[in-house]
Each structure stands twice: as structure tokens, then as C-alpha cells.
Amino acid sequence: MSVTVRETINFTIDGKPATAPEGTIILEVAQKYGFEVTNLCYNKKLKPFAACRTCMVEVRHNGKKELVYSCTHPVAEGMEVIIHTEETDRYNSANIEMLLVEHPLDCPICDKSGVCPLQDNTELLELQKPRFEIQRRNEPSIKTNPLIEFYLNRCIVCGLCVRACDEIQGVQALDFHQRGMKASIGTANDEPLDCEFCGQCITVCPTGALMDMSSDARGLAALFKNTNTTCSYCSWGCTVQLETKKNKLVRITADETPGVGINEGNLCAKGRFGHGIVHNDERIQSPLINQGGTFQEIGWDEAIEMIAERAKTTINRNGAESLAGLASEKLTNEENYLFQKLFRNNYGSNQINNLQNLQAPYVNDFMLNCFENGIESKPVTELDQADVVLIFNSDLPSEYPVGGNSIRKGAIFTGTRVIFANPRNMRFDHESRIDIRLIYNQDADFMLANRLCRILIDENLVDTAKVQEQIPNFNDLVASLAPYTADATKKATGLTNEQLKRTATQLAEKADRALIIGNDVLNTGKGKETLNALLNLAILLNAGGEGSVSIYPPREHCNSQGVNDMGATPQYLPGYRPVNDAFEHENLADELFENCANGKIKFLHIAGEDPMTSYKSRSIVEQALDTVPFLVVQDIYMSETARKANLILPTATFAEKEGTVTNMTRHVQKVVPAIPVQGKAKSDLEIFHNLADALGSPFKSKSSSDVLEEIRQTIPAYKDVDPARHEQWKPSGVTAKPAFQICAFEELKASKRDFSMKLLTNNHMFHIGSYTHFSKALTDIGPDCFAEINPKDAKKSELVNGDTLLVESSQANLKVQMKINPAVPAGMVYIPKNWPEVPVNALRNGEDGTVHVKISKSE
Amino acid sequence: MADTDQVVEEEIDLAPTQKILDALPEKSRRYLIPALQKIQGVYRYLPEPAMELVMMDIGISKAQLYGVISFFPKFLIEEPGKYIINLCYGTACFVKGAEIIVNKIHECYKIKPGQTDASKLFTLQTASCLGNCGAAPMAIIGEDTHGTIDPEKSLELLASYKL
């Protein structure tokens, strides 16, 4: 909740008393109190606009009667609002009747039929008999981009799409063109739409003028079966509405109903258009066994039996600890819980891990340290109420697009101040009055964060006496910050002390602050130091400032948080209980791939992950998978990892399974099946149950809800969380241990002479993980991998747009198309990591931190 | 085809655009329209490279910029002919034969309102009313105002304008 408090206004609607905060518009309150007001161009997420002129109401105030548009007129003390008088109905009707002159009444083939405000309002005002002569427009449909069809004959020029594109998405790809009778929405000079393809315009369009072309289905949205579930891509955890017809997923839409999901009906390209992964011929069709390099279909019973037998013999021969499992950041909590239970209880092995914990094991500790310092962080549903948001090394439009939507909304309605810190000068447009951009040198994240801490203390921006009182090792922190002088920071980050002072001042003011951290921080080689510095910053603000601080660990996939909550790590049992003496064995899972490669692990079970492409270093994974004597991979698609398996099991997509996932801000949310499991695939949950049965020690649970019940019993924080209500789990039973996390200062490593450029790799705007490439819609808008370099580097190496770039590291080299992007700083090569044909992780030579490369033109 | 018919892409000097943008009191949308007017004053239309500079400098998207441009018929995005014919299409001029003039121009120069002829001599535009109904039908050609045009003799009038 914002720290600014608005006065409460008392008034009446149709004689009934009502209250609302000062400045609230009549329409919003009327809807809240259950009154139906005609309107076509109002959306709670957008600024008042008053384009359609159909929401007129009568108000009486100070003895004066007025006819006002309820979507722009704020309530006032003592005001009487009267909805639907004979007079207002006459005005409102006339405007809708005029729209119906042109609007094609092709409702049976319209996507919005049944959920169309124009239909609803026509019915509300009883306008079945048109007074005016019909004059239809007959313009052809515009299909110049792969995903969004413009059928402007249906357009009522309400401007919702234009405003959503601008205010919610910050992209401004659409605007009004021409004027008068010719006025229409569209792109500049009718050029093909080239945007972030979030599809927000389709959601807000009231009439079906904008349509989702990724789906063949047309017409009568109301006839499709809707299932609300949680998106399976990034860790923001948006609620998506799966529309199905005859057990087939036809499209994904957003549900804007208040209280549904944490995303207020906002989605991104991946969430909305990435449904092509569900009905797809390339899915693995049956369990497969590797017979000398070729895969043969086998039956499920045989496959499960084989795994159980192999597990038993391996335990007998080499001990339980030689069995290891890689849980998944994409499976549900229930599935991951059962997977670790299978290893710990059934096999007796603690060798279980997940990719995030393998690559950045300090992230969970960071979260626990936050709790111990009393920083619980607010639910992300309150992000739009924050007063200051620090976006730390996250390219929001690609990484957490919908997070960007909430921040933009905050900038408009709450006056959220935005601080954007990133090595790349990425686009993040919003309407905030305060917008501090800190474009700093790659890998200098920890310098920046530590310098901010030091400024807070040096300039007395926080109450240091209060901090000292609350946090025992305050003096150690002060001592550790000594190297972060203005000069050293300027040298390392390229930022002036004035910029940082301004930032620190904004953060220190009495405010509700949110710190959003990007996953890139984890790849700088100083992820732990950076997270700790940000934690110290949060502690300083929390203990020595007024207001609140919310900070969340960076997470990549839909259940990167949950997989750790469920204890799929060698360090923690479910609920972050430390692993006790029951497993007094060597911890092999911390170096999972190394221990496969050196022969200590004899049996590896990978559930729904593709480490060959997802793990930071490809060579060690390749060695591991080639060496380990028995490899089971269960996945939806034939990944590069699966190709190396002895046995492959086909699994279900998110649209076919039940369970819960936990997003990066710890909201536990439901995954609800919309269609039955396709073909011969099985859900991962069923596979684990079958395996336990085959091992002769079946689980007590039978279904996903049984497992959730067991999780609730095991993990106190999950006990009272209702996934149906998108609630955030709160830490329980944490002993307060306030302490700054002190890290020793270490200067940034200079680039090596031969490899003078630094590589940055992360998820592309239209791709994440290894599944999106099977979605036609997403490959249509993001077909090719492009490396991006600064114009200066391009000039130096005589490269132009479209050239093929040869990128060499001490380990490997690869070829990739390139384009010049001034947002990328000189000295950096940016390559998205999502194209199997451009294996960026092959460039790493086993060292941590940023990979150093050199570039040249490929002949 | 003769060499003269080939379209020669001329390099556009962007210095005047930059000068206009630099002189703005504030780089914001509120100064967009005056800036566009000044730029059109230099080039006679709004060339695309200049518009890219405007987008970057003022910080608006292409859709937004061309949304503003297309709202005002006065703003041209293509290079107009040497003379812009502003033909009055108001009630009085229409009754007195403005339509006949349009048809004659179309026959001779193959252009309709909004278009420019191949030799880039004329761009035809129509106006809702030029405010001189007493002299209907009337037109402004380049800088010259012509009243009481005889529709039948309109082509002779145009013939006096040369490239």
C-alpha cells in the first residue's frame, strides 16, 4: 500500500450511501457497488479517456444538477449519483445506435461474441430496433503480422488498444490515424505491426476488431470451455485462461476479472501465444528405449519396471548415494515433492538437485537471510502500489514482462518512481515522473549495490543509530564498505557519484519500496556478493528508514521457487529444513554433472529439464550424460538431453496436469488441467507414483491433492495458503537473526587480451527454456537468433547488420547472425540462449562468471 | 526508358531538422506540431529520415508521430509537385463547377485529389472552403489566388505553370 493516504468521500448512488477514496471516478465505484453502467472505453487499468460517450450519469451536487461522463468524473462529498435516467439513457443510446450503423453484426463468427460490451450495452439499453439506416464498412482484414489480425470494420475507435499499448505495455506501436469519419487505429502508414506481441490489445478490444491469429478457432468465445490455470513459462506466475473446445486447447486468453491471478489480465507473447507446445506432433509419443543409438518404442509397464530394477541393482552394487535426480523448475510442487521423496524415502539417496540450485546455490540462502532479517516482502499484487521500484539488472520486457505492466500502472496511478539499473540501455517506457537510469559496466553489479549501501550510511540518509541498535554487525558492514569509494565505483561502474546519490536519496525517502532483481545478476560471477549487497541495502532501508522494503530472489522458470521449497536440493529438505544426520554421506549432487562424469553417480534421473541447453556450461553436461551408466529422461519433447538417455518417458504439458506452482514472489497458484493427457504421455506425478509402486513401496498419496495435503503437513508455510486465491506463503517459524551479509572486496577482473569482449546471454523476449521453439506462433515472431553488438564494435570489426558473426571463447566457437544495437554497450556481445543451433553455453570453459570472447566476421 | 524518368534518390540534408529540434524549448510532445511545421517549411514535406530524427529526439513512437501527421492534411509525407493546387470544394465552388475542374485535371495530368503528377509539377488538394465564395469557383495554385475560374478553361490556366 502506498504511503500517501487519500481522504474518504461519502456520497450516494441511486440513493444508496457509498464511500470511496478521494479522486475515484464514479464508474469505478458504481461497478464496485454492483451497479450496471453502460460504457465501452473504460478499463480500470488505464487512465480515464471518455472516447465512447456512453457512460453518462446524472449527478446532483450543491443543489445543482449535471450530466457527466462517469468514466472521468470523480466523486465528491455529498454528491448524489443517479444512473439510468430517461435523459442519460437517451444520450447514451444515441451514441451506441450510431456505432451500430457501421458495426457489422457478424456476431456468430466474432471472437468476442458473448463477452462483448457492445452486445451487453445494446441489450442493457434495449436497442434491438435500429433507428438509423445501416451503412456497413467493408474494408479487408489486415493480416500483415503473424499474430494479430486487424478487422477494422468492427472497430468502434474506443482507443482501448492504443492506450493499453502505451500505458500498460509502454510500447506505443498503435495510435489513431486520420480523423473524422476516416479515423482508425493502426500502425504508422499501415506498416506491419512490429512490437512485443503481448496481445494486451486483443484482451482490451471490446468488439473483436483485433483477433488472435495463433488460433484457428473463430467465434463465440462464450461457447468455449474456460479453465484458469497458471502459465508455465517465466517465474512471474500469470493466470492464463485456457479456452478449450471438444477437449482441444484452442487458444489462451487473459481473464481481467478482478482478483483473478496476480497479473490483472495482463499477459506476454509467450504466455498468450505459446500454446503451440500442447497439441504438437513433435511431442514424444511413447516411452522409448535407446538400443545402440536408435530409440525403440516400449510399453509403460516395461519402462517403469526397468527403472525400478536398475535402481535396485545400482543400490545393491554401488550404494543408494550413487543414484541422483535432477528435479525441474517447470514441474509442479507436487511432482517435485514426490520426486525428492522417491529419492530420499524409496531409494535412500540425498543426491537430488535442480538447475538453479546447481548454478546459484546461494539464492535460497539469500531468501532465508531476508526472512531472518525480518524482510518478508509484500505480495506482488501490491507492486502497483509501491512508491519506488528498483529494477536491478533485469530487462523487464523480456524477463518479467507482466512485472513491467504492474510497475507502469503504479507509475500512472500511484506515482511510483522507477529506478532502472542495467548494463544495457534497454527500453522500459513508462509515465513515471521520476525515472533514474543507471547504465553501468557489465559485471559491476556488486560495486553499484555496495556503493548505494555506503552512500546511505555516509550521507546519513538512514537512521544509522537505529540500524546499529538493531543489527549487531553494523560496524563490520561499515568496515567492509570502505573500498567502495566514489572513485573506485566510478571506475568500475562508469556511474558518477551524483547519479548514485540521487538514487540512494530516492530509495531512502519514506516509501514502500520494491527491488526486482534479474537473473543476469547470477551470471556475473559475483551473484552471491551482489545479492548480499542488495540484502544489506534492504536491511539498511528496513531498519533505518521509514516505510517498507520488498525484495525477492531472482527466479527463472514457472516453478524455480517451488522446486526449492519442495526440498529438491541436497542442502534442504522440504520447507528449507536443513538435511539432518539421516544422510551423512558425501554431497554429490552439489557437483552433479562433475560427479556423473567422474563415475561416482551411476544412475541419473532427469525430470523435465534439458541441461544440455539450460545449464551454464555445456561441455560438463555432455561428459556427464555420456558417462553415467544409466540415464532416464522424462520430458515433453525430444531434447538434446533426452537424446543421450537410455530411457525416455513422455510427459504431459501444463494444460494437461493438476497441481500447484510457486512463483518468484512466493504466490502458490493452481495448475488446472484443461484437456486430458495427450496420447500415451503420462503426467510426471503419475510416473513417480508408478515408480514407487514398482519399487514395492507405494506412496500413500493417490492424487495431486493428496500430495498437496502431505506438503501442507510437512511445510508449515504452505499449511494455510489457498492456491485458489493466489496467496503468498509467509515464512513461519523463522528465528530472527538480524545480520548484514559481509563479503570481502575483490576487484573486477579485467578482460583477457585475446578475448576482449564479454558475453551476455539470457532469455529472448519471445522464448524461454527449451519448449517455446515448438510453438509456431513464437517462432513466427522470433524465428532467428541474432547476436547484438554496439555500433562501435561493429565498426571496429567491419561488421554490418545481417553479417554472420564468429564468436570464439577459449573453449569453443559458434556462428550466429548479428545485428547492431546501440542499447548494447561497447565490449559486450549479447546472444539469447534459446536457440538449439546456437549453443551459447558451449562457450563456457568451466569457469564461473562472465565468459570472455572475441568476435570477427565469419566468411 | 530515358534517364530523366529514373527516380533519383536524393540525400536529404538533416542539419536543418537537427537545428529546428535543438531550438525547441523542451524536447516534448507539446512542441511536436510546431516542429513539424518548421521542418515542412524547409523540405516542403516531412521526409522519413527527418522523422526518424524527430522520433528519437522528442521520444515518441513511429505510430504516434504518424498519427499526428495523418491528422493534419496540411502535413505531407511525400514530396509534393512544384505547385500545390488548393482547389476549393465548398458548396458555392462545387455548384460553380469545381468537380468539372477536378475531372479535367484528372484527364490531363492523371491525378486525383491528394496525388502528384508524374513530372512532379502539380499536387492536387481540395479545400473545404477558401472563404471567398463570391469568386467561385476558386483555387490557390502555388502562391497565386485565382477566382471565378472558367471550368472549361481551367487547363489553359494550369498550362501557364511550368517546371
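Details
- Here's the list of lysines a cross-link from residue A:700 could span, going by alpha-carbon distance under 16 Å and ignoring same-chain residues fewer than 8 apart: A:341.
- Kirkwood hydrodynamic radius of the stretch A:519-592, from inverse mean 1/r over distinct Cα pairs, in Å: 14.9 Å
- Alpha-carbon spread of the protein assembly as shown, three principal axes, descending order, Å: 109, 72, 70
- Taking 29 Å as the limit for the C-alpha separation, the pairs A:225/A:702; A:330/A:378; A:47/A:501; A:112/A:246 exceed it in the case of A:47/A:501.
- Cα lying deepest toward the dipole's positive end in chain B, options B:137, B:15, B:61, charges on Cβ: B:137
- In terms of overall dimensions, the stretch B:22-156 has a Cα radius of gyration and Dmax of 17.3, 52 angstrom.
- Normalised by 2.2 N^0.38 Å, where N is the number of residues, the alpha-carbon radius of gyration of the stretch B:3-71 equals 1.18.
- Of all accessible heavy-atom area on the stretch A:38-106, the percent that carbon and sulfur account for (1.4 Å): 51 percent
- Take the Cβ atoms of residue A:497 and residue A:847, set R0 to 45 Å, and the FRET efficiency comes out at 0.90.
- Shielding of peptide B:55-66 by partners, expressed as the average count of other chain Cβ atoms within 10 Å per residue Cβ, is 5.
- Debye log10 I(q)/I(0) for the stretch A:256-301, one point scatterer per Cα, at q = 0.15, 0.21 Å⁻¹: -0.63, -0.80
- Net length gained if the chain between residue A:826 and residue A:510 were fully extended (0.36 nm per residue, minus Cα distance): 110.0 nm
- A Förster radius of 35 Å, combined with the Cβ-Cβ distance separating residue A:725 from residue A:132, puts the computed FRET efficiency at roughly 0.15.
- Of the complete DSSP H runs in chain A, those spanning 24 angstrom or more by Cα along the long axis with a mean Kyte-Doolittle score not below 0.5 are A:527-544.
- Förster radius 35 Å - calculated FRET efficiency between residue A:703 and residue A:296 (Cβ-Cβ, nearest 0.05): 0.65
- Contact order, relative form, for chain A: 13 percent (alpha carbon pairs under 8 Å, 6 or more residues apart, mean separation divided by residue count).
- When you filter the trypsin sites (Lys or Arg not before Pro) in the stretch A:361-443 for DSSP loop state and at most 10 other Cβ atoms inside 10 Å of their Cβ, you are left with A:433.
- Percent RCO, i.e. relative contact order, over the stretch A:276-428, from Cα pairs under 8 Å lying at least 6 residues apart: 14 percent
- The modelled label-to-label distance between residue B:18 and residue B:43, using points 7 Å beyond Cα along the C-beta direction, is 1.5 nm.
- The stretch A:104-251 - accessible surface per residue (Å², probe 1.4 Å): 44 Å²
- Cross-link partners of residue B:162 among lysines (Cα-Cα below 16 Å; sequence separation of 8 or more within a chain): B:82, B:120
- Of the GluC sites (Glu not before Pro) found in the stretch A:755-816, those that fall in a DSSP loop while having at most 15 other beta-carbon atoms within 10 Å are A:798.
- Proximal lysines relative to residue A:16, as straight alpha-carbon distance under 24 Å, when same-chain residues fewer than 8 apart are discounted: A:32, A:44, A:64, A:65
- Rg(Cα) / (2.2 N^0.38 Å) computed for the stretch A:8-98, rounded to two decimals: 1.00
- The stretch B:3-71 - percent relative contact order, Cα under 8 Å, separation 6 or more: 33 percent
- Annotation for residue A:82 and residue B:57: the two label points, set 7 Å from Cα along the Cα-Cβ direction, are 5.6 nm apart.
- Only Lys, Arg (+1) and Asp, Glu (-1) charged, at Cβ; the protein assembly as shown dipole about Cα centre in debye: 500 debye
- Put a dot 7 Å past the Cα of residue A:815, heading toward its Cβ, do the same for residue A:465, and the two dots end up 7.0 nm apart.
- Computed 3J(HN,Hα) for the stretch A:514-520, one whole-Hz value per residue from the Karplus formula 6.51 cos²θ - 1.76 cosθ + 1.60 where θ = phi - 60°, is 10, 10, 9, 10, x, 5, 4, glycine and proline marked x.
- The orientation-averaged projected area of the convex hull spanned by the Cα atoms of the stretch A:757-857 comes to 6.1 nm².
- Neighbour cut-off at most 15 other Cβ (10 Å), DSSP loop, GluC sites (Glu not before Pro), the stretch A:567-641: A:584, A:586
- Residue-averaged 222 nm ellipticity for the protein assembly as shown, from DSSP H runs of 4+ at -39500 (n - 2.57), nearest 500: -8000 deg cm²/dmol
The values are calculated or read from the model by the stated rules, or taken from the named source; none is laboratory data. From a predicted model like this one, the values you see are computed outputs, not experimental measurements. No Cβ is skipped: glycine too gets one built from the backbone with ideal geometry, and neighbour counts run over all protein chains shown. Calculation scope for accessible area: heavy atoms of the full protein, side chains included, ligands and nucleic acids excluded. Shrake-Rupley method; radii C 1.70, N 1.55, O 1.52, S 1.80 Å.
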